[in-house]
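The values are calculated or read from the model by the stated rules, or taken from the named source; none is laboratory data. Predicted model, so just to flag it, every value in this text is computed and none were measured. Ideal geometry is used to build each Cβ from the backbone, glycine not excepted, and the neighbour counts take in all protein chains shown. Protein only, heavy atoms only, side chains kept; ligands, DNA and RNA dropped before computing areas. Shrake-Rupley method; radii C 1.70, N 1.55, O 1.52, S 1.80 Å.
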Amino acid sequence: TDFCGPPKTIPHASLSPDKQYYVGQVLHFKCQSGYDKRPPTSGTRRCKKVNDKIIWTPLDMRCTNDSS
């Protein structure tokens with residue numbers, strides 16, 4: 001099986017714990033309480049193989065306590 005390395009962490013976001021980062025896996029990120037003022041406050045990243053490179057898909061979320 002092909003494996004992704006651990007993904008970069010997101011400030012103030014928690015990651016559903018799972019130590020097996022294999023191709024096809026989806027990780028669920030969720031903003032921590034107090035930093036979920038601006039949507040999107042959760043998101044997913046998928047481990048996938050593109051042209052023989054194994055990558056994480058980008059995560060389109062920022063966790064912030066700024067509501068403006």
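Mind counting lysine pairs for me in the range 3-56? Cα separation below 25 Å, and the two need to be 8 or more apart along the chain or on different chains.
12
Ignoring ligands, DNA and RNA, what accessible area per residue does the range 3-56 give at 1.4 Å, in Å²?
70
At a 1.4 Å probe, what is the % contribution of carbon and sulfur to the accessible area of the range 3-56?
52
Which loop-located trypsin sites (Lys or Arg not before Pro) does the chain contain, where loop means any DSSP state but H, G, I, E or B and the Cβ has at most 13 other Cβ atoms within 10 Å?
Of the trypsin sites (Lys or Arg not before Pro), the ones in loops of the chain whose Cβ has at most 13 other Cβ atoms within 10 Å are Lys8, Lys19, Lys37.
For the chain, modelled as a GNM with alpha-carbon contacts under 10 angstrom, which of Gly43, Gly34, Gly24 fluctuates the most?
Gly34
Taking every pair of alpha-carbon atoms in the chain, give the share separated by more than 18 Å as a whole percent.
More than 18 Å apart: 39 percent of the Cα pairs in the chain.
Hey, if you put +1 on the Cβ of every Lys and Arg and -1 on every Asp and Glu Cβ in the range 3-56, which of Ile55, Thr9, Cys31 ends up farthest toward the positive end of that dipole?
Positive-end residue among those listed: Ile55.
Net charge around Pro58, counting only other residues with Cβ within less than 13 Å of its Cβ (Lys, Arg = +1; Asp, Glu = -1)?
+4
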